[in-house]
Amino acid sequence: RETSKTSPLNHLNRIVAQAPSSPSKTPTFKTRGWRILFGIIFGSLSGFILAICLAIVVRFFIQYMNRTPIFKGPVVFSPKIAPKTLQSAIDNETQLLGSSPNGKYHRVVLDNGHVVAVKKLQRLENGSPETQNKSMKRQIQRELEVLAQLSDPNLMTLRAYVRESDRYSLIYDYMPNGSLEDAMMRVRENQLQLGWEIRHRIAVGVIKGLRHLHFDCSPRILHYDLKPANILLDEEFEPRLGDCGLAKLMTNMGEVASGYVAPECFQNCRYTDKSDIFSFGVILGVLLTGRDPLDPFFSESGGGSLGRWLRHLQQAGEARQGLDKALLGEEVEDDEMLMAVRIAVVCLSDLPADRPSSDELVPMLTQLHSF
Ligand SMILES: Nc1ncnc2c1ncn2[C@@H]1O[C@H](COP(=O)(O)OP(=O)(O)OP(=O)(O)O)[C@@H](O)[C@H]1O
């Protein structure tokens, strides 16, 4: 009945109104869905990023709080040294043992009668900003702690150190027989006789100390400055490597010991364990020939260096002529020494890859007689 009252136009309007929603309204629903989805993704993403940032901040804060403090004054690793009296003993030091552009060695007698060797290093002139300076001091501190942990009969262990501002003093055991440099000088001046047995023992001890640094320490330690002045001799002439791993504290590395530095260090400043082996080769050459690698003889008529001279003699089958006259004697020992010359020549190869490792050299040198 109502239909009958409605005009055709109204009827049409009602049909349009009751018709299912028009296609123009569908995107509104979809957009809302996308918005919700986008909101969820954005919310969780920003929450995730915020959590990461917070974790980083907390981590840095914890790291900052746990930072190793930078020690000033004496840091002692040996029960034989009293920190309280160490500083005054160093200040009153008397006997100078050795001196180089990197610092000075003194013999110091402590209050309790214990004798130590103190290396007073040159002031660190880094001129760096305070923060960099601090991180450098922290790094040096960590490295000194590693050197204090070294425990091998053929290495000088750091017993203590004292830091005063940018100056470090390193304390080691005092070695009554001085260094191999001192000993070889006395040998050349006929004030000391060192037979092959002792020289061989010194060579074996040096390579064992080097093997400990190269293969037993993690990360491996390179010596960087292996030379007779850094090989100390105890009462039985057993050698101990001194100044191990002090590269960061030495401001004049390489200048002093040019006769012992491997060629690649001059050419491309690349220092590896094989560069230490080259220095060992020169030391073995010094023990066998009794000559100083800086002897003018080598530049005048020895082919330019101890290594080239030894190689030339060995290739010509005349290695015996290179041996220290004071060593020549029994035939068995001569054979051992000639084998040692061959080993020295390989260690002095120009290419680092051609040199044996310290690990290979220990059995080669200890079993000379079996070759
Ligand atoms: N622990 C020690 N006991 C006894 N004498 C030592 C000891 N350490 C060093 N010496 C003496 O000091 C000398 C070395 O002095 P120093 O280290 O200043 O010279 P260097 O090794 O040529 O210098 P650098 O290594 O800084 O280039 C050795 O030859 C030795 O006589």
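List of remarks:
- Separation of the Arg138 and Glu197 label points, Cα + 7 Å toward Cβ, nm: 5.4 nm
- Dipole orientation for region 153-282: of the candidates Thr272, Cys244, Asn177, Thr272 has the Cα lying most toward the positive pole (charges on Cβ; Lys, Arg +1; Asp, Glu -1).
- Alpha-carbon Rg/Rh ratio, for region 109-240, with Rh computed the Kirkwood way: 1.02
- Arranged from fewest to most other beta-carbon atoms within 10 Å of their beta carbon, Cys217, Cys244 become Cys217, Cys244.
- Rounded to the nearest 20, the size of the Cβ-charge dipole of region 112-212 about its Cα centre is 140 debye, with Lys and Arg at +1 and Asp and Glu at -1.
- Most positive-pole-ward Cα, Pro293, Ile283, Ser357, against dipole of region 283-364 from beta carbon charges: Pro293
- Relative contact order (%) - region 155-203, alpha-carbon pairs under 8 angstrom, separation at least six: 21 percent
- Directionally averaged projected area (convex hull, Cα atoms, region 77-120), nm²: 3.2 nm²
- Segment Arg188-Arg59, length gained on full extension (0.36 nm per residue, minus Cα span): 40.3 nm
Every number here is computed from the coordinates shown, using simple stated rules; none is lab data. If you're wondering where the values come from, they're calculated on a predicted model, not measured in any experiment. No Cβ is skipped: glycine too gets one built from the backbone with ideal geometry, and neighbour counts run over all protein chains shown.
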